[in-house]
Structures are given as structure tokens and as C-alpha cells.
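Quick notes on the structure that follows.
Derivation of every value follows stated rules applied to the coordinates shown; laboratory data play no part. Because the structure is a prediction, the values reported are computed rather than measured. Neighbour counts run over all protein chains shown; Cβ positions are idealised from the backbone, glycine included.
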Amino acid sequence: MQTSALQEYATRRGWTIALQMREIGSGASQRERREQLLDAARRREIDVVLVWRLDRWGRSVTDLLATLQELELLGVGFVSLAEALDLTTPAGRAMGGLLAVFAEFEREILRERVRAGLAHARQNGQRLGRPLTAGLHTDQVGKLYRAGVSKSEIARRLEIGRTSVRRILAAKEV
């Protein structure tokens, strides 16, 4: 849906698509495809960066503003389709900054809510994290080990990992 909308917009504006990039995944760490796009801008291979939404480009206000400033210095325009935002104009740049601030604020609020929910769950005695699997076999691991069965064989018989067997035995100090 996003790709076809971006292609349609570029066609309406009479733009030729030089590069088309999709970055799958989330998170604010490494974004290789965006770096490739910035490298293309530095080589003057593109004139405009067209994105679906502003938050697809920058994950934090500082990151967003730094890359938008770099694009501006390179003479590369930036358009965000969903927000109808053309950052080649002064009003568009001001609006883009405000949207970025609100997007980061929204992420921070969500992060706080998740942390509060986890703390509340812990206070109510809920166990968080992965479900116990090997821990359910604690007694069997101890019995087999005391019977002289090797750790590898215990893991095979109970269909659990060898590290889990070692961890259970270390905790029990059999």
C-alpha cells in the first residue's frame, strides 16, 4: 500500500524514481537502507527523498533533525506523504520539527506505559518472561544425575538443553 502510494505521488509530481528502498524491521539502531539513501544523496544521485511518514525516516528528534539538515545542505528535498509535508518550504520545515517532537513524545509515553504495566504485573506476582520449560523437569534431572546418568544423556532423555541441565544441577547442587 505504501509503495504504490509513493510511486503514484512521484508520478503525479513528474519525478523519476532513481532509488526505491524498503527497510524491514524496527528499532532505532542500525538502519542500513537509510544510510545507503543518504550516501546516494551525498553523491548527488537524488534530488528528493519521499517517505510514507515522518517517523519512518527519523526515530528521534535529534536524528531526524540532523539528517534533515544534512539533506538540506546537500540540496536534497524531503517530502513526507502521509503528513502532506514538503520540507523544501520554511513552513514545511517548521511543521516537520513539530511533528517530530510529537512523534518522539508519543514513543516516550508508550515506553512509560509499558514500564508501568510491567511493574504493576510484578507487584501482583505475575511471572514475566519466557515460560518455564526445563525448570519443570528439575526433580527428574536430579534423580537421573544421582543415578549416574550423564548430563548429555539427561538432556536427550528429557528433551531439554544441556545448558538447562547444567543450570538446574548447579542450582540444586546435587
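Only one of [x] 1.00; [y] 1.69; [z] 1.78 was calculated from the structure for Cα Rg over 2.2 N^0.38 Å, and its label is [y].
Applied to the stretch 151-163, the Karplus parametrisation 6.51 cos²θ - 1.76 cosθ + 1.60 on θ = phi - 60° returns per-residue 3J(HN,Hα) values of 4, 5, 5, 4, 4, 5, 5, 8, 6, 10, x, 5, 4 Hz, with x for Gly and Pro. Applying 1/(1 + (r/R0)^6) with R0 = 41 Å to the Cβ-Cβ distance of V101 and S4 gives a FRET efficiency near 0.85.
Between E112 and R156, take the C-beta separation as r, use R0 = 35 Å, and let me know the FRET efficiency to the nearest 0.05. Calculated transfer efficiency: 0.15. Our summary gives the stretch 88-174 a relative contact order of 22 percent, counting only alpha carbon pairs under 8 angstrom and 6 or more residues apart. Comparing E159, E70, E35 in a Gaussian network model of the chain, where Cα atoms under 10 Å apart are tied by springs, the biggest mean-square fluctuation is seen for E159. Our summary gives the chain a relative contact order of 13 percent, counting only alpha carbon pairs under 8 angstrom and 6 or more residues apart. Under 5 Å from the amide H of V48 lie the amide H atoms of G77, each residue being 5 or more positions distant or on a separate chain, with H modelled from the backbone and absent for Pro and chain starts.
For the stretch 38-70, applying the loop criterion from DSSP together with a ceiling of 12 other beta carbons within 10 Å to the trypsin sites (Lys or Arg not before Pro) yields R43, R44. Cβ-to-Cβ counts within 10 Å put K151, K172 in ascending order as K172, K151, the fewest first.
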